[in-house]
1. Say we look at the range 194-206 and pick out the residues that are of a type outside the set (D, E, K, R) and surrounded by 15 or more Cβ atoms within 10 Å (Cβ to Cβ); which of these is farthest from L92 (Cα to Cα)?
2. Output the residues belonging to the range 102-153 that are of a type in the set (K, R) and more than 25 Å from K177 (Cβ to Cβ).
3. Of everything in the range 375-398 that's part of a loop (DSSP other than H, G, I, E, B) and over 26 Å from D316 (Cβ atoms), which residue is farthest from the chain's Cα centre (by Cα)?
4. State yes or no: is T73 under 30 Å from R179 (Cβ atoms) and either surrounded by 15 or more Cβ atoms within 10 Å (Cβ to Cβ) or free of Cβ contacts under 8 Å to residues at least 12 places away in the same chain (or both)?
5. Determine whether the range 187-199 contains at least one residue that is farther than 30 Å from Q16 by Cβ, in contact (Cβ under 8 Å) with a residue 12 or more places away in the chain and assigned to a helix (DSSP H, G or I).
6. Being surrounded by fewer than 22 Cβ atoms within 10 Å (Cβ to Cβ), under 16 Å from I277 (Cα atoms), over 20 Å from the mean Cα position of the chain (by Cα) and in contact (Cβ under 8 Å) with a residue 12 or more places away in the chain, is that true of even one residue in the range 466-482?
7. Exactly one condition in (1) assigned to a helix (DSSP H, G or I); (2) more than 16 Å from T515 (Cβ to Cβ); (3) without any contact (Cβ under 8 Å) to a residue 24 or more places away in the chain is not met by P249; state its number.
8. Can you tell which of A30, A34 is more than 30 Å from R180 (Cα to Cα), part of a helix (DSSP H, G or I), of a type outside the set (D, E) and in the same structural domain as L191 (by TED's automatic domain parsing)?
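The values are calculated or read from the model by the stated rules, or taken from the named source; none is laboratory data. Since the model is a prediction, treat every value here as computed from it, not as a measurement. Here Cβ is always computed from backbone atoms with ideal geometry, including for glycine, and neighbour counts include all displayed protein chains.
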Amino acid sequence: MAVDNTKILTAEQEQQLRQPIDAYVGEIQAKIDALRANGTDKVIELQSSLDDLKRDRIYTQEEKTAKRAQYTTELEKAKAVEAQNKAEVSQLIAQAEGYLKEHFDKDYYQAVVESCKEEQALAQEKYQAAVAQLNQTHQETLSKLTDAGEIKDEKYVQKNRLFDAKMQLSKDIQAAKDRRHAAFDHRYHLLDLLRMSKFTFGEAMAQRWENYKYTFNRRDFLLRNGLYIAIVIIFIALCIITPIVKNTPLLTLNNVLNILTQASPRMFLALGVAGLILLAGTDLSIGRMVGMGMTAATIVMHNGPNTGGVFGHLFDFSGMPVLARVFLALVVCVVLCTIFTTIAGFFTAKFKMHPFISTMATMLVIFGLVTYSTKGVSFGAIDNTIPSMIIPRIGSFPTIILWAVAAVVVVWFIWNKTTFGKNLYAVGGNPEAAAVSGISVFKVTVGAFVLAGVLYGFGSWLECIRMTGSGSAAYGQGWEMDAIAACVVGGVSFTGGIGKISGVVVGVCIFTALTYSLTVLGIDTNLQFVFSGIIILVAVMLDCLKYVQKK
C-alpha cells in the first residue's frame, strides 16, 4: 500500500502550524514575566541570597546581620508585589492553558503524529525496496562469478550492505520518533514556563509514560524483565494446576502470609550477602552461619537444662528472665556470625583473596567446630512462650513480617543515605578508582562483611524463634544458594556496583513463593533444586548479556 506523502510535514510546515500557538502563549508569557520581575522572581533571588549568606564565610557576623536585615526587608516587599499580582498572573496562566487545551492537539500535535506515522511507513517501504534491489544486484553479481574467493567476498559485502540498509531504517524511524516526542514535549515546555515547573499529578504521569514509550527498547526490556515474566507465567500455571491436582487453591491469603513468614528470616540473609555481591563477591558460609546461630539461640532460649552439651558442658539459662534470654540469644548469634564474617572480610580485603575462598574456609571451620562441639545433636525446642512474645500473630497476620520490613528499611537507608553505602557502590563498581578518590577499600570491604554478619545473626535468631528451636549444625544447609540466587534474580550484579534493595526483596519473595508452591503441589525436594538451578543459570546469563551489551 502506497504511503500518502501529502500528510508528511516539512520542518517549515510544522513550524507554521506551531507559530500561532507560540505567538499567543508567548505574548501571555511576556506579560506574566513582567508581573513576576519584581515579585516572584525577586522572592526566589532573595531567598537564594539568604541561603548563600548562611554558608558564606567572607563576611563578619555584623556584616552578615546587616545584609540579612537588608535581604529580609527587600524580601517582604517582593512578597507583597507577588501577592498583589497573584490573581492577575493566575488569570493569565488560565487563559494560556485554555488556549493550549483547545488548539495544541487539534491545530498542531495531531498533524505531527500523522506525519510521523507516514514517515515511518515510508521508511519501511524504502527499506523493503532497497533490500529487494540489493538482493537482485547481488544475485546478478553472483551469476557472473566463478572464483570461490570472489563469491565469498561478494556475500560478505552483501551482508554489510543489508546491515547498512537496516541501520538507515532504524535511523529514519528514530528521526520520526524524535520529531513526535519533541512535539509532545513542547506543550509541557510552555506549561513549564507558565507555571514555573509545577505540574499536576496527571500531567507528570503523562510525561513519564511518554518518556517510557520514547525510550522503550524491546531487547533491553526482555533482558531486564524476561526472567520475571517467565517466573510469573510459571507461578500462574502453578495456581491453575494446584487446584486440579490437589483440590486446594494456591493463591489464598493464608498461603501468601505463609510465604511471607518463611521469607522473613531469609530476607536478612539475602540483604547481608547482597552487600558482598555488590562488591563483586559472595558468601558460601551463610547456611552454616544459620546452623551455628540456630544452635546457639536454642541453647540460650531452651527451657531447662539442654539435652546436649557444647564440648561436653551442659548449659541451663532457665534461671534468667525470658526477655533476658531472648536478648542474650540475639547478642550471641550476632557476635558469633560477625566474628566469622569479619575474619573472612579481613582476608578478602587484606590479601585480595577472593570471597569464594575466604567464605568457603569459614564455612568449613564453622561446620567443623559446631558439629564437633555439639556431636551433631539437635537441641530440642525453645521456651514455648518466646514466639508469642517476639513474633505474635495479630489475628491472622504474622508480625515476623514486620521484622523483615524493618531490616529492609534499615539496609536501604545504609545503602542509599550514608557515606558507607555510597562507598559500597563505588568500590563495587571500580575499586581502583575508588582507592584513587580517597575511599578506603579495606574498610568498606570489611564493613560490608561486618554488616552481613549482623544480618546473618538476626536472621538465624529469628528463624530459631519461628521454628521454636530445633537448632543443629545441619540446619540451614543450602540456604546460601537461596540467598545468593534471590539477589541475582533481584538484579544485584556479580559484576559489582549494581543492585537495589527492592530487587533483593523481590528476589526473596519470588524464590520463597516458588519453593512453597512446588511443595504444596507435591514436587520432590530434589526436583526443586533443578528449578532453582535453572533460574540461577538464566538470571546470571541475562546479567552477563547486559554487561556485554554495556561494554
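1. Among those residues, the one meeting the criterion is A206.
2. K144, K152
3. If we take residues in the range 375-398 being part of a loop (DSSP other than H, G, I, E, B) and over 26 Å from D316 (Cβ atoms), then G395 is farthest from the chain's Cα centre (by Cα).
4. Considered against the rule, which asks whether it is under 30 Å from R179 (Cβ atoms) and either surrounded by 15 or more Cβ atoms within 10 Å (Cβ to Cβ) or free of Cβ contacts under 8 Å to residues at least 12 places away in the same chain (or both), T73 comes out as no.
5. The answer is no, given that none of the residues of the range 187-199 is farther than 30 Å from Q16 by Cβ, in contact (Cβ under 8 Å) with a residue 12 or more places away in the chain and assigned to a helix (DSSP H, G or I).
6. Yes.
7. The failed condition is (1).
8. Only one candidate passes the filter, namely A34.
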